[in-house]
1. Can you name the number of the only condition in (1) farther than 19 Å from Val267 by Cα; (2) in a helix (DSSP H, G or I) that Gln179 fails?
2. Given the conditions (1) part of a strand (DSSP E or B); (2) within 12 Å of ligand 1 (Cβ to nearest atom); (3) farther than 19 Å from Ser150 by Cα, and given that Ser3 satisfies all but one, which numbered condition is not satisfied?
3. Among the residues of region 230-248, count how many are part of a helix (DSSP H, G or I) and either under 26 Å from the mean Cα position of the chain (by Cα) or surrounded by 15 or more Cβ atoms within 10 Å (Cβ to Cβ) (or both).
4. Do we find that Pro35 is near ligand 2 (Cβ under 8 Å from one of its atoms), assigned to a loop (DSSP other than H, G, I, E, B), surrounded by fewer than 19 Cβ atoms within 10 Å (Cβ to Cβ) and not basic (Lys, Arg) in this structure?
5. Output yes when any residue across region 57-76 is modelled with pLDDT under 90 and among the acidic types (Asp, Glu), and no when none is.
6. With the requirement that a residue be of a type in the set (A, V, I, L, M), more than 19 Å from Leu107 (Cα to Cα), open to solvent by 30 Å² or more (accessible area, probe 1.4 Å) and in contact (Cβ under 8 Å) with a residue 12 or more places away in the chain, what does region 131-153 give you?
7. Condition first: within 20 Å of Gln95 (Cα to Cα) and either over 10 Å from the mean Cα position of the chain (by Cα) or more than 11 Å from ligand 2 (Cβ to nearest atom) (or both). Can you find one or more residues in region 44-58 that meet it?
Amino acid sequence: MRSGYVAIVGRPNVGKSTLLNRLIGQKISITSSRPQTTRHRILGISTRPDAQIVYIDTPGLHLGSRRAMNRVMNRAAAGTLEEADLAVFVVEVPQWTEEDEHVLGLLREAGIPVVLAINKVDRLTDKSRLLPYIASLRDRHEFADVVPLSALKGTQVEGFEEVVARLLPEGPALFPEDQVTDRSERFLVAELVREQLMRRLGQEVPYGTAVEIENYAEEEGLVRIAALIWVERDGHKAIVIGKGGKMLKAIGQDARLAMERLLGTRVYLQLWVKVKENWSDDERALRGLGYE
Ligand code: GDP
Ligand code: MG
């Protein structure tokens, strides 16, 4: 039996959370086409006959972190490397960027083995470009292994996990075999509301939102959930609610469906929107909302 912690790192938007969900087979980490969707460190536990792999999803490591929220997120990602046995460095085809280089620098400093996951290969129309790309990345660092894959389609994800399992140290399982994450259902449902905000709201609005669960009550065949959406300005509140409440209704509907899939039960969801100025640039307010 092998076991250990595997940090999933990379610049924002390369597909780290999509990969984690695919590996675990459940949506435990929210995803969207916007960078910085993931704000928390989330464990995803995969228990196999030969190994228990504890993946750590992280907010993307990015350059330029002036705002408190960005500082908190960078700390969460960098701190993860210190406790990991292995890192999975996620990049995407077809380009290597300055931010990728920055992440590789941090990985070199951490001095742990790195598996390079080259994601989004489904987007490559000209497959002949893949081999030269892999070769150019192998030149940059002595990776423990390099695996091209598609987290979205699931291509090569099983093969990838074989590679990861083989590289872990020998040891017993660290968590009960039926546990898939360290996060509570309360946390996961709050995130499912935030996922809708990230996916549906334009430009800067979603970055100023946070979600707090005010009530979570399990009843016979039903979970009753009340969630509060915090925004930074009155104008943002109007946008989240939308004309005649349309936006909030759509957010609520899709979040509820995702919650029902996750919890395997019916969900009754109520949403409210409240204004709290500049919470995302105030470290104390961030801690109050669960950002360590
Ligand atoms: P993260 O910021 O690294 O956690 O990235 P996410 O997992 O949130 O994904 C960012 C975006 O990339 C989302 O729109 C995903 O649907 C998309 N994505 C992730 N993996 C793949 C993939 O294998 N192929 C394609 N085409 N898109 C992907
Ligand atoms: Mg993410």
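The values are calculated or read from the model by the stated rules, or taken from the named source; none is laboratory data. Please read all numbers here as calculations on a predicted model, not as lab measurements. Neighbour counts run over all protein chains shown; Cβ positions are idealised from the backbone, glycine included. Just the protein is used for accessible areas: all its heavy atoms, side chains included, with ligands, DNA and RNA removed. Shrake-Rupley method; radii C 1.70, N 1.55, O 1.52, S 1.80 Å.
1. In the conditions (1) farther than 19 Å from Val267 by Cα; (2) in a helix (DSSP H, G or I), Gln179 misses (2) alone.
2. (2)
3. 7
4. no
5. Among the residues of region 57-76, not one is modelled with pLDDT under 90 and among the acidic types (Asp, Glu), which makes the answer no.
6. Within region 131-153, Leu152 is the sole residue that qualifies.
7. Among the residues of region 44-58, not one is within 20 Å of Gln95 (Cα to Cα) and either over 10 Å from the mean Cα position of the chain (by Cα) or more than 11 Å from ligand 2 (Cβ to nearest atom) (or both), which makes the answer no.
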